1. With respect to Lys254, determine if the residue is surrounded by fewer than 17 Cβ atoms within 10 Å (Cβ to Cβ) and in contact (Cβ under 8 Å) with a residue 60 or more places away in the chain.
2. Looking only at segment 307-344, count how many residues are hydroxyl-bearing (Ser, Thr, Tyr), in a helix (DSSP H, G or I) and either touching a Cys at 6+ places or on another chain (Cβ under 7 Å) or loosely packed, with under 14 Cβ neighbours inside 10 Å (or both).
3. Pick from segment 219-236 the residues that are in contact with a Leu (Cβ under 8 Å, 6 or more places away or on another chain) and more than 13 Å from Glu251 (Cβ to Cβ): which of them is surrounded by the fewest Cβ atoms within 10 Å (Cβ to Cβ)?
4. Out of curiosity, is Leu280 among the hydrophobic types (A, V, I, L, M, F, W, C), within 28 Å of Leu138 (Cβ to Cβ) and crowded, with 18+ Cβ neighbours inside 10 Å?
5. Considering each residue of segment 338-371, count those that are closer than 18 Å to Glu142 by Cβ and in contact with a helix residue (DSSP H, G or I) (Cβ under 6 Å, 6 or more places away or on another chain), and give that number.
6. Considering only residues that are in a loop (DSSP other than H, G, I, E, B) and either closer than 14 Å to Leu332 by Cβ or of a type outside the set (Val, Ile, Thr) (or both), which ones fall in segment 345-366?
7. Give segment 186-195 a look and list any residue that's surrounded by fewer than 19 Cβ atoms within 10 Å (Cβ to Cβ) and under 20 Å from His76 (Cβ atoms), or say none.
8. How about segment 77-106: which of its residues are touching a residue at least 40 places away in the same chain (Cβ under 8 Å) and either more than 28 Å from Ala14 (Cβ to Cβ) or out of contact with any helix residue (DSSP H, G or I) (no Cβ under 8 Å at 6 or more places or on another chain) (or both)?
Amino acid sequence: MLTVDVLLNFPMLADYAVHADQSRGRRFPEPQHPYRNDFQRDRDRVIHSRAFRRLEAKTQVFTRRYSDHFRNRLTHTLEVAQISRTIAAQLGLTVDLVEALALVHDVGHPPFGHAGEKALDTIMRAHGFFFDHNLHALRIVEDFELRYAAFRGLNLTFEVREGIIKHSHDYSPDQFPELAEYLLDRRPPLEAQLIDLADEIAYSTADLDDGYEARLLTLETIRSGVPVFARFYADAERTYPDVMEKLKFNEAIKHMLDRWVGDLIRNTKDQIAKAGVHSLDDVRDFPRRLVALSPEVEEERRQAKAFLYSTLYYSPTLDPEKEDAAQIITQLFEFWMVKPDQLPASYRESADHTPLPRVICDYIAGMTDNYIYEQYEKYRQ
């Protein structure tokens, strides 16, 4: 007879989950590990990768000029992984696959957060290319990571590689024929679908917290702009009238996060039942994604996101850092276009068979905030 502990630690997988023993496998076949399934191995390979370690020194929203306490790409990623695991377990999905996807979902981001991504994409388009962090993440795990003697990259399973590119975006088979192996005309598994919303939930609540701590957002501004937060803050005031403001704030954020995660679980279960989904093929062939918030809570999320864009992400206070990011990336890019001999040897070799703008983009995208500053001081005229 199964104990409660066993049931909690080893939940029954739904028929529509991705079962590890039914994986489509790796690009380079490997023998099974004696005590880890393939998705656990993928998770561990991501954790031990250089790209994952670099996330610790990449900006999420705030650089360390503000505080060491704010989220960076790594701590944000860990929060997404925690939320994703919770959701996956409640939906009967494969938690190991979900965790691997959550941990790898941001490894393709360049330094300086979204400002750095925008700057890199802008200059790449001037050279007839573009930058997409999901596609760059795939290049990292397929080629750039060098850990194993038998192959380049991390040799991740098909399901993790598919989830890297499809968790948040549907790529057209006509526009991206090089991605044809990833079933672009079919939906990703539910394990991949939930990553995007877990990401949205994680950063929408965390950025309110960091923005408040940075004193760029006031309590009254948040209460007036994010009604769901205001309701939970009022509850905290009634329940804990004598505690400090920040603790009431924390209570409101906690309940806001719990409300959204709980709604996502309940609504997705409802969508799965209504869709009559009973297998992974049913999920893949369904005309839309099934992981979703209810209309009411989706509107709350949209309100919070719109508030963050208008008051925090586009705050004039952050403009100098965005301008620095654009200047540093643009000037370094142009410098290496003129003097490719100043690139590291491995990148110079890559330029023999890859367009130089793409080589430079790959180099810059892999940098941490600290390292790109060092390079800028080294090479600026």
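The values are calculated or read from the model by the stated rules, or taken from the named source; none is laboratory data. What you see is a predicted model; the values in this text were computed from it and never measured. Cβ coordinates were reconstructed from backbone atoms using ideal geometry, including for glycine residues, and neighbour counts include every protein chain displayed.
1. No: the conditions fail for Lys254.
2. The qualifying residues number 3.
3. Ranking the qualifying residues of segment 219-236, first place goes to Ile222.
4. For Leu280, the condition - among the hydrophobic types (A, V, I, L, M, F, W, C), within 28 Å of Leu138 (Cβ to Cβ) and crowded, with 18+ Cβ neighbours inside 10 Å - is met.
5. 6
6. Matches in segment 345-366: Ala351, Asp352, His353, Pro355, Gly366.
7. If the condition is that a residue be surrounded by fewer than 19 Cβ atoms within 10 Å (Cβ to Cβ) and under 20 Å from His76 (Cβ atoms), then no residue fits.
8. Hit for segment 77-106 is Gly92, nothing else.
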